[in-house]
Amino acid sequence: MPRRFSLWLVSGNSRIANSDLRGQRAPLAAALSQLETRVGVAINYEDVPYCFAQGTSDVAQAVMNADHRAAHPNAQVIAPKGGPLSFTAVQPPVANMLSVSRIISSLVEASNSQRYTGVYQASIAGGAFFVTPTEMQNSSGSLVPAVRALDTTVTLPLQERSAAETVDLILSQVAQSGRTQVGVGMVPMTMMLESKVLVRAESEPARSVLGRGLSLLSSETAADGSVVPAVGYQLLCDPASHNCALNIHIVRGAKVN
């Protein structure tokens, strides 16, 4: 049975959007992606490590086409079981940091009430939005403090670098921590190679440095004069290998430097 995810955004008493995504690995991540499109602001998200076997399932039949199944009859695609996630919010006429923060917090609370894979928190740091896990299921299904790869502290001397080089330097220091193996996933490579960012960090959490660096690529200005982030990341973890991939994206319709 494919997982069902519904996101409702309303303006006043009028329903303006209804989306139904099936087969999503992480309902909260999918919901945040849709929310980004609605409000035009990047939201950085980090998966929990998936350690509870009973909280996952083999979805190969749902995601592989007939030719792939015939060529790989014993293949497995392990994904979190997840479940329905419905959310209703009032869309602000103009998105700014405060209004978007309130909507994100409400969505995270809705997800936490389901307790599918863990517990999350919403926060703002350095002008960027973050949704990060605070608790995860261990191998027996009990909630324990989450292992978060991007808690790793990193140091970067002040220097102008390409966005791609900046990300590589951050992830190389994350890898040295031994917490979780993190690699680069899908990224807008042309933008990352051509865009320059001036970043300095002294023993800061990797997520803060990463969020700040990506925010420098944004050129979206809200009505209140604040610059809202238009480039964000999703750190998605594989339940089978327990490795994670850092995926960087541009919010649909946004302009970047």
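Here is the size of the stretch 28-156 from its Cα atoms: Rg then Dmax, 17.3, 51 Å.
Using the Cβ-Cβ distance between Ser241 and Gln159 with R0 set to 41 Å, the FRET efficiency from 1/(1 + (r/R0)^6) comes to roughly 0.75. Taking all Cα-Cα distances within the stretch 40-104, those exceeding 17 Å account for 65%. Evaluated at q = 0.10, 0.11 Å⁻¹, a Debye calculation over the C-alpha positions of the stretch 4-250 (equal weights, vacuum) places log10 I(q)/I(0) at -0.51, -0.61.
Segment Ala125..Arg200, full-extension length gain: 25.5 nm, with 0.36 nm per residue of separation and the alpha-carbon distance subtracted.
Look at the alpha carbon pairs under 8 Å that are at least 6 residues apart: their mean separation over the length of the stretch 4-250 gives a relative contact order of 22 percent. Counting other Cβ atoms within 10 Å as a rough exposure proxy, the listed residues Thr190, Thr155 run Thr190, Thr155 from fewest neighbours to most.
Fully extending the segment from Ser177 to Ala66, taken as 0.36 nm per residue of separation minus the present Cα-Cα distance, adds 35.8 nm. In the stretch 99-191, the C-alpha radius of gyration followed by the widest Cα-Cα span (Dmax) gives 16.0, 46 angstrom.
Net length available on complete extension from Val144 to Gln76 is 21.7 nm, with 0.36 nm assigned per residue and the Cα-Cα distance removed.
Ranking of Arg252, Arg212 by neighbouring Cβ atoms within 10 Å, starting from the fewest: Arg252, Arg212.
Just so you know, all these numbers are worked out from the coordinates, no wet-lab data involved. Nothing here was measured: the structure is a model prediction, and the numbers come from that model. No Cβ is skipped: glycine too gets one built from the backbone with ideal geometry, and neighbour counts run over all protein chains shown.
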